[in-house]
Amino acid sequence: MSESLVVCDVAEDLVEKLRKFRFRKETHNAAIIMKIDKDKRLVVLDEELEGVSPDELKDELPERQPRYPSLSGLGQFLLSRGFSFFNLRKTFIVYSYKYQHDDGRVSYPLCFIFSSPVGCKPEQQMMYAGSKNKLVQTAELTKVFEIRNTEDLTEEWLREKLGFFH
C-alpha cells in the first residue's frame, strides 16, 4: 500500500542532473526548476539558476503564464482595457540553500518546493500531485515544502521551515 499513483515519470536526463546537483561542491545557492511535459507525461527540466537567493528565486518562478484565448468580443474588449488572461502554473523546485545555523555551523540542505497556486486547472492539479512523490523519491529528498502563493517564498519562510530539521 506504500505505492502511490504515478501520473508522470521523471525524464532520464533530469534524473542524472538531480543526482549531480545533490553532490555538487559549490557553496552558493542554486535551483533546478522543473515542469511537466503534458504530452510526454514526463517531469522535465525547465530552468537552472545559480547564485540565487530565495527572494530572487521567487521572482523567477512562473506562477502565471500569459494565455491569450481567441480574442473576439469580450476578450478583445477586456484586453483593450488593460486586462490580461493568465494560466496559473504549478512548478517543482529543488533548491540548494546555504543555511547558517544559530551555532555558526553552515549546511547546504536540498529543499523540494512544490509551488501549487490556487486556481490551477483540475487536470494540471492531478498531474502534478500524482507526480510529486515520484520526483521526491527519485531525487532522494526529505525537506519537502509546498507554497500556494509564490510571494510566500522568502528567506524568512525558508529559514523557518528548515528550523524544524535541527
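Okay, here's what the table says:
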| quantity | calculated |
| --- | --- |
| Close pairs (9 angstrom Cβ cut-off, 6 or more residues apart or separate chains): under 19 Å from residue 46 (Cα atoms) in the stretch 15-28, loosely packed, with under 12 Cβ neighbours inside 10 Å anywhere | 18/140; 19/140; 22/140 |
| Entirely in the stretch 1-82, the helices (runs of 4 or more DSSP H) that have 3 or more residues that are under 26 Å from residue 147 (Cα atoms) and at pLDDT 95 or above | 12-22 |
| Some residue of the stretch 110-127 being polar (S, T, N, Q) and at pLDDT 90 or above | no |
| Set 158, 141, 135: member being modelled with pLDDT of 90 or more and farther than 21 Å from residue 52 by Cα | 135 |
| Within the stretch 106-124, tally of residues that are open to solvent by 10 Å² or more (accessible area, probe 1.4 Å) and polar (S, T, N, Q) | 2 |
| Residue satisfying all of: in the stretch 125-149; polar (S, T, N, Q), assigned to a helix (DSSP H, G or I) and free of Cβ contacts under 8 Å to residues at least 60 places away in the same chain; least open to solvent (accessible area, probe 1.4 Å) among these | 125 |
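The values are calculated or read from the model by the stated rules, or taken from the named source; none is laboratory data. These numbers come from a predicted model, not from an experiment. Don't worry about glycine lacking a Cβ; one is built from the backbone with ideal geometry, like all the others, and counts go over all protein chains shown. SASA here: full protein model, heavy atoms, side chains in, ligands and nucleic acids out. Shrake-Rupley method; radii C 1.70, N 1.55, O 1.52, S 1.80 Å.
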